[in-house]
1. How many residues does the range 165-195 contain that are more than 14 Å from residue 64 (Cβ to Cβ) and not hydroxyl-bearing (Ser, Thr, Tyr)?
2. Which is of a type in the set (D, E, K, R), under 20 Å from residue 63 (Cβ atoms) and in a strand (DSSP E or B), of 180, 190?
3. Which residue, of 105, 133, 137, 154, is without any contact (Cβ under 8 Å) to a residue 60 or more places away in the chain and either surrounded by fewer than 19 Cβ atoms within 10 Å (Cβ to Cβ) or within 18 Å of residue 66 (Cα to Cα) (or both)?
4. Scan the range 170-186 residue by residue and report those that are touching a Gly at 6+ places or on another chain (Cβ under 8 Å) and modelled with pLDDT under 95.
5. Inspect all residues belonging to the range 31-50 and state whether any of them is touching a residue at least 60 places away in the same chain (Cβ under 8 Å), more than 23 Å from residue 190 (Cα to Cα) and either buried (at least 18 other Cβ atoms within 10 Å of the Cβ) or aliphatic (A, V, I, L, M) (or both).
6. It is to be established whether one or more residues within the range 57-67 are in contact with a Pro (Cβ under 9 Å, 6 or more places away or on another chain) and closer than 29 Å to residue 124 by Cβ.
7. Among the numbered conditions (1) closer than 17 Å to residue 188 by Cα; (2) free of Cβ contacts under 8 Å to residues at least 24 places away in the same chain; (3) of a type in the set (S, T, N, Q), tell me where residue 118 comes up short.
8. For the range 51-82, give me each residue that is among the hydrophobic types (A, V, I, L, M, F, W, C) and surrounded by 20 or more Cβ atoms within 10 Å (Cβ to Cβ).
Amino acid sequence: MALLHGGAQIRPTKPEVLATYLADRPWASDGEIEVLGAYRLEDPDGEVGLETHLVRTADGTVVQVPLTYRGAPLAGADPYLVATMEHSVLGPRWVYDGCGDPVHVAALAASVLAGGTQAELVRELPDGSSSVVDPSVRVRGTGHEAHPGSVGLVDVREEGDVTVVVTSVGDLLVRRVLDEAVPEGGPLLEGTWPGVEQPVPLVVLRPH
């Protein structure tokens, strides 16, 4: 389950963070962006927010941006720090590229290998009530293996418009540009969002 805080104020906003981050990415065009939606995965310890955004850039390309939100800096992860935020409920948040955050990588590998889906979204309101929120992006892993448990994050490298996350269970190929190409590899995480009913490959696991 992913808990959303209804009425919370965040500065800078998520669209502002995404626009700044994408401005100097070689796989994203400059200009205005449109956030199409997002999906969340679940941190078993409930400490780290795991959210991947789908964004349409100025030239019409849809790109994928996984982010993590932490209540304290992640040791050794300065190269993956995207921004810092101030959340009116949670306080200061450190925002990282999810490809370099071991909690996100473990959740992603588990979703791919064990056929996981997006986390359930629950919005908590200031009056103490809560409600389930429909996800804007739905994802599903195609693997049928047991949950891998601990996953070691070994390395992260860029290969064109794909970020390769080397782990102890294989290479996670995070497709930054969601075009019509069908990547080769093993099990994958696929997703749909408003206007896109045919599942699109988002992440592919390439066995070692």
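The values are calculated or read from the model by the stated rules, or taken from the named source; none is laboratory data. Keep in mind that this is a model prediction, so the values were computed, not measured. All Cβ positions, even for glycine, are placed from backbone atoms using ideal geometry, and neighbour counts span all protein chains on display.
1. Initial filter on the range 165-195 (more than 14 Å from residue 64 (Cβ to Cβ)): 166-171, 180, 182, 184-187, 194-195.
Then keep just the ones that are not hydroxyl-bearing (Ser, Thr, Tyr); that gives 166, 169-171, 180, 182, 184-187, 194-195.
Count: 12.
2. 190
3. Exactly one residue qualifies, and that residue is 154.
4. Hits for the range 170-186 are 170, 186.
5. Checked the range 31-50: no residue is touching a residue at least 60 places away in the same chain (Cβ under 8 Å), more than 23 Å from residue 190 (Cα to Cα) and either buried (at least 18 other Cβ atoms within 10 Å of the Cβ) or aliphatic (A, V, I, L, M) (or both).
6. no
7. Single failed check for residue 118: (2).
8. Within the range 51-82, 54, 55, 63, 65, 67 qualify.
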